[in-house]
1. Among the residues that make up region B:411-434, is at least one of them over 23 Å from residue B:306 (Cα atoms), in contact (Cβ under 8 Å) with a residue 12 or more places away in the chain, open to solvent by less than 30 Å² (accessible area, probe 1.4 Å) and at the interface with another protein chain (Cβ under 10 Å from one of its Cβ atoms)?
2. Of the residues that sit in region B:451-479 and are β-branched (Val, Ile, Thr) and within 19 Å of residue B:37 (Cα to Cα), which one is farthest from the other protein chains (Cβ to nearest Cβ)?
3. Mind checking whether some residue in region B:361-374 is away from every other protein chain (no Cβ under 14 Å), in a helix (DSSP H, G or I) and over 21 Å from residue B:439 (Cβ atoms)?
4. Within region A:325-342, can you find the residues that are open to solvent by 10 Å² or more (accessible area, probe 1.4 Å) and not in a strand (DSSP E or B)?
5. Scan A:131, A:75, A:126, A:48 and give me the residue that is surrounded by fewer than 20 Cβ atoms within 10 Å (Cβ to Cβ) and more than 10 Å from ligand 1 (Cβ to nearest atom).
6. Have a look at A:31, A:95 and point out the one that is among the hydrophobic types (A, V, I, L, M, F, W, C) and within 21 Å of the chain's Cα centre (by Cα).
7. Would you mind listing the strands (runs of 3 or more DSSP E) fully within region B:86-143 where at least 1 residues are at positive phi?
8. Among what's in region A:138-183 and is open to solvent by 10 Å² or more (accessible area, probe 1.4 Å) and free of Cβ contacts under 8 Å to residues at least 24 places away in the same chain, pick the residue that is farthest from the other protein chains (Cβ to nearest Cβ).
Amino acid sequence: MRVDVMIIGAGAAGMAAAIKAKEEGAEVLLVERDDRTGGILNQCIHNGFGLHYFKQELTGPEYAERFQEKMDKLGIKAVTNAYVKQIGNREVILVTEKGIERIEVGALVYAVGARERPFGSLMIPGDRPSGIFTAGVAQRLINIENHLPGKRALILGSGDIGLIMARRLVLEGMEVVGVVERLPYPGGLLRNVVQCLEDYDIPLYLSSTVVEVRGRERLEEVVVAKVDESFNPIPGTEKVFKIDTLVVSAGLIPQLKLVDSLVNKNPTSKGVATSNIGQTSTDWIFSAGNCTAVFDLVDYVTYEGETAGKYAAKFVKGEVKGGRIPIKPGKNAAVVHPLWYIPIEPLTLYIRVKRPMEKGRLVAGKFERVFEDLVPSEMLRVRIPDRYLEGLDEIVVSIEEVI
Amino acid sequence: MKAVVIGAGVFGALVARELTRYDLEVTLIEKNLDVGWGVTKANSAIVHAGYDDPPETVRARFCAKGNAMYEELSKELDFEFKRVGSFVVAFNDEELKELERLLKQGEKNGVPGLRILERDELLSMEPSLNPEIKYALYAPTAGITEPWMVAIAAVENAVKNGLKLVLGERVTGFEKANGRVKKVITDKNEYEADIVINCAGLYADEIAKMAGVEYVPIHPRKGEYILLDKKLQGLVRRVIFPAPTKISKGILVLPTVDGGILLGPTAEDLPQDMKDRPITTREGLEKVRSFTKRLVPSIDLSLAIKTFSGLRPESPQKDFFIGVSESVKNFVNVMATRSPGLTAAPAVAKYVVEELIQEKMKLQLMKKESFDPHREGIKRYASLPLEEWQKEIEKDPRAGRMVCFCNEVTEKEIVEAIRRGARTLDGIKFRTRAMFGRCQGGFCMVKIMKILARELGVDICEIRMNSKGSWVVNGKVRE
Ligand SMILES: Cc1cc2nc3c(=O)[nH]c(=O)nc-3n(C[C@H](O)[C@H](O)[C@H](O)COP(=O)(O)OP(=O)(O)OC[C@H]3O[C@@H](n4cnc5c(N)ncnc54)[C@H](O)[C@@H]3O)c2cc1C
Ligand SMILES: Cc1cc2nc3c(=O)[nH]c(=O)nc-3n(C[C@H](O)[C@H](O)[C@H](O)COP(=O)(O)OP(=O)(O)OC[C@H]3O[C@@H](n4cnc5c(N)ncnc54)[C@H](O)[C@@H]3O)c2cc1C
């Protein structure tokens, strides 16, 4: 079988890519390893999706449904329960319960999202009882499977997912004894700290971490201690929490497995490196969404997916031309995405700062703008007009603190 | 005649299987809900070459012999065994003397192929090693395996040959008459016995005390480990030991059979009452990190996927304690099964049945014609050639439904593991490697719980991680 554009992963990025590629006239094949489309959106039943894209607050499943409807209209049918065994040279080996198929592709959009950092990788000492879940697993258990993971929980990690899960557990009748964060500031958006913790009187323990888990069979207690600047526990600050559930929200890691040997990585985001049209270092492979950089907002993922889908289709038609101008992370830029600029499409930059700053001046090529209240948890999205990029042979992106 | 084996670790499993070669009623009693969850599930998984044990020890008597049996055993029972070889490395001339001592000792123990390599050769074979390493003792016969699989496979095969497997029952005492055990008593039942073999691992001394037989006191000697992602496959190809010290074989770097890299173990003597607490500690893991970094400087702990620890059943004599009791004539001890127990177990199992039971106890056992030594492992569909996999999917679509993405385990494998006796998440994990990879069940644990509940016809709240108290979910969010 041969298709113009194959899209792997039917989350927000993949669905947007499929729609745009199809609208661009390509014949598309969208494959998804789960039993439904939507990706991570399916389990995010809280409001907070679509403010940019639809100018409306939707739940995750509602947001996904809008794109599913669009796909239905365009006649795009995702193949679900489909496992990509391997990506070769313009060829994908796909395994489903119908059998194994080799699919020849004109272009590929890799949109497989991110995975959660597992508890095991945190190297927290102690026993190995049941009752330790990643936030995503706990969320899936509650929101999709309709089961509670336990009775009394502590959350490790104050990223948005951890904060949202703290609130969810309380709303569903569990007790949440606190959220523990090793950084001196919360990892998630301020509005989530207020709406998810403060409104529910859930304590937030900053500069702290779990130093031991205990329990022969099911989790019985954890020990939390303060940490110093290099995250080493400070002796004498230990506090014991009697809980049966530990929810670990220690961050998302872009999934690279299938393309690991095929494309360059973005060292700042740890994801697939792409240009501003979603093209990777291998010309027929495009990529978008959380496998390129972990995004805060689904709307951004959708924009990225659309661009990748559109240009994957154009690539098949031979319409992608032009040199690439490298984009380089400079001072105070923890994450910069994309990594190349091709002047056939305007440049939208996504940036995370290294540390909180009251005021900072973003410099990108000849472009400059001052932002206030910069925090690592909030990704900046900045459109850079073409005129600031003309004549450059590289674009350095940095943030100068303004005092 | 009735034989009862206590404990389904690698020793109990292989002894039980050996017994099913004969016309005997064999029962294997295990307190856990599955086999191989004691010491056998957390160790270095090395099939040692056998140069390490002083020639006068019982260990030396069985190690190289056991090693030599692994090839055939792994074929008969269809578990993974790779004869990858091992290095003991020396940074200086003093350590070289240790290597020379081990070489001589190994030759006495009958270990084939030992030789000392110099820097250029050892670095060309293992380029990631610290270039300051000057020599290595190369033992080509050392291997690696999946220890719990040895026990699972042996028990499956034994069941096929008539073994009665009893899970979830703890041996609590014995009924004796005329200096012999008549019955083995558990917390739920009683089992008549003409022969009893005590293979209770860390608890073998306690079982011996219950039976009133000779024993050596057993204390746990803990070893902590860090497992690294398969991404590092090939970082080392062989088992890399530092030159040994008085207390242990040292902290090593080795490949696992499925491509990960294992670092560890530490060696820490714990009091007897810590037999059920294989905990990891900050100090222990730090030790693993710093010691292994000296061997392989490029080790990157950001690729750790889990940490765990295991407890060696250690005795003051630091040697196996194996024999027929002098006081209770039908009781056999297989005790103090420290390292290299995994390696020695096949040879010990043969010795127990052929020499202790048949010769020493003078029991005439009849070989069963019907004994079939072969067991087929659960097919790993994703490793089949595509055409074969395709045929399997045509036969059963579940072979084309991927459940665990990290280790590529299909629904058919999960269902097959349940058919073969998995009742818990760990039961599935150890049989199929699902939930054993990079994401540690992040994507598949919930799916597997649902498959377990469906196949066993129970509510998802009944699913356990391993033991009875290890519940996973607690009731519905809403009815
Ligand atoms: C808990 C949580 C709360 C959030 N809250 C908000 C919020 O309030 N507002 C907001 O705007 N954003 C929020 N986000 C962010 C946003 O939802 C995500 O960034 C976005 O949905 C990611 O989309 P994606 O398509 O990149 O990835 P995913 O949604 O992860 O989609 C990837 C898809 O690819 C599939 N896949 C993976 N590998 C393969 C393979 N090998 N073969 C086939 N298919 C594969 C996966 O099954 C999945 O369906 C939240 C995210 C999380 C996790
Ligand atoms: C850190 C470490 C590293 C090691 N490395 C290696 C190595 O690389 N190579 C090697 O050859 N060896 C190694 N070993 C040694 C090897 O793991 C052991 O020798 C072997 O696993 C012991 O098996 P077992 O059957 O005696 O014990 P176990 O596996 O513990 O089996 C005993 C069983 O008895 C059951 N039981 C206990 N009490 C009762 C009761 N009252 N009623 C019913 N059942 C009961 C237990 O539940 C258990 O399942 C290592 C050990 C450790 C701890």
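The values are calculated or read from the model by the stated rules, or taken from the named source; none is laboratory data. Just so you know, these numbers come straight off a predicted model, no measurement behind them. Heads up, the Cβs are rebuilt from the backbone with ideal geometry, glycines too, and the neighbour counts pull from every protein chain shown. Heads up: the accessible areas ignore ligands, DNA and RNA and are worked out on the full protein's heavy atoms, side chains in. Shrake-Rupley method; radii C 1.70, N 1.55, O 1.52, S 1.80 Å.
1. Yes, region B:411-434 contains a residue that is over 23 Å from residue B:306 (Cα atoms), in contact (Cβ under 8 Å) with a residue 12 or more places away in the chain, open to solvent by less than 30 Å² (accessible area, probe 1.4 Å) and at the interface with another protein chain (Cβ under 10 Å from one of its Cβ atoms).
2. Taking region B:451-479 as the starting set, the residues that turn out to be β-branched (Val, Ile, Thr) are B:451, B:458, B:460, B:463, B:472-473, B:477.
Next cut, within 19 Å of residue B:37 (Cα to Cα) only: B:463, B:472.
Values: B:463: 10, B:472: 5 Å.
Top of the filtered list is B:463.
3. Keep residues of region B:361-374 that are away from every other protein chain (no Cβ under 14 Å), which gives B:361-374.
Checking the rest, the ones that are also in a helix (DSSP H, G or I) come to none.
No, region B:361-374 contains no residue that is away from every other protein chain (no Cβ under 14 Å), in a helix (DSSP H, G or I) and over 21 Å from residue B:439 (Cβ atoms).
4. A:330, A:331, A:332, A:339
5. On the way: A:131 fails: surrounded by fewer than 20 Cβ atoms within 10 Å (Cβ to Cβ); A:126 fails: surrounded by fewer than 20 Cβ atoms within 10 Å (Cβ to Cβ); A:48 fails: more than 10 Å from ligand 1 (Cβ to nearest atom).
Result: A:75 is the single residue among A:131, A:75, A:126, A:48 that is surrounded by fewer than 20 Cβ atoms within 10 Å (Cβ to Cβ) and more than 10 Å from ligand 1 (Cβ to nearest atom).
6. On the way: A:95 fails: within 21 Å of the chain's Cα centre (by Cα).
On inspection, the qualifying residue turns out to be A:31.
7. none
8. Going through the qualifying residues, I end up with A:171.
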